[in-house]
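Take a look at the structure set out below.
The values are calculated or read from the model by the stated rules, or taken from the named source; none is laboratory data. All figures in this text were calculated on a predicted structure; none of them were measured in a lab. So basically every Cβ, Gly included, is an ideal-geometry build from the backbone, and we count neighbours across all protein chains shown. With ligands, DNA and RNA removed, areas are computed over all heavy atoms of the protein, side chains included. Shrake-Rupley method; radii C 1.70, N 1.55, O 1.52, S 1.80 Å.
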Amino acid sequence: QVQLVESGGGLVQPGGSLRLSCAASGIAFSLYAMMWYRQAPGKQRELAASITSGGNTNYADSVKGRFTISRDNFKHTVYLQIDSLKPEDTANYYCRADRDYEAYWGQGTRVTVSS
């Protein structure tokens, strides 16, 4: 059974930082590209950051310079370091594992940026 479990969300003040984690089980983690998506209230889900199985990263323009995606293949975990948080970063954050025609989603973790 494939599971992706996100954690690390919460309430943070503008300018603060968070590190989200997504622990994967049931897949050959190192072979999968991993992504972090986010969905703000009333908006469509959008891709924030991705990392290939080889470690190449890509970011949405809106998060470049503030978000850092990384992976630990030994721990089967992908991380999203979020710095300089803004109120518009408030969203549910989801991780996704992709390989060829397989895709799996986590249940999400909520990030709220508010003073």
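Some notes on this structure:
- Whichever residue in the stretch 89-102 is more than 19 Å from Thr57 (Cβ to Cβ) and at pLDDT 95 or above and, among such residues, is least open to solvent (accessible area, probe 1.4 Å): Ala91
- Looking across the stretch 60-70, just one residue is open to solvent by less than 50 Å² (accessible area, probe 1.4 Å) and farther than 16 Å from Arg19 by Cα, and that is Ala60.
- Residue list for the stretch 5-16, restricted to those being in a loop (DSSP other than H, G, I, E, B) and open to solvent by 60 Å² or more (accessible area, probe 1.4 Å): Gln13, Pro14
- Single residue of the stretch 71-88 satisfying the filter (hydrophobic (A, V, I, L, M, F, W, C) and either in contact with a Pro (Cβ under 8 Å, 6 or more places away or on another chain) or closer than 13 Å to Ser21 by Cβ (or both)) that is surrounded by the most Cβ atoms within 10 Å (Cβ to Cβ): Val78
- Members of the stretch 105-115 that are more than 13 Å from the chain's Cα centre (by Cα) and surrounded by 15 or more Cβ atoms within 10 Å (Cβ to Cβ): Val113
- Checklist (1) over 21 Å from Ala24 (Cα atoms); (2) touching a residue at least 60 places away in the same chain (Cβ under 8 Å); (3) not hydrophobic (A, V, I, L, M, F, W, C) applied to Gln44, failing item: (2)
- Options Thr77, Thr109, Thr90: the member that is out of contact with any Phe, Trp or Tyr (no Cβ under 9 Å at 6 or more places or on another chain) and at negative phi: Thr90
- Reported count of residues in the stretch 39-52, each being open to solvent by 20 Å² or more (accessible area, probe 1.4 Å) and either farther than 13 Å from Tyr94 by Cβ or touching an Asp or Glu at 6+ places or on another chain (Cβ under 8 Å) (or both), is 6.
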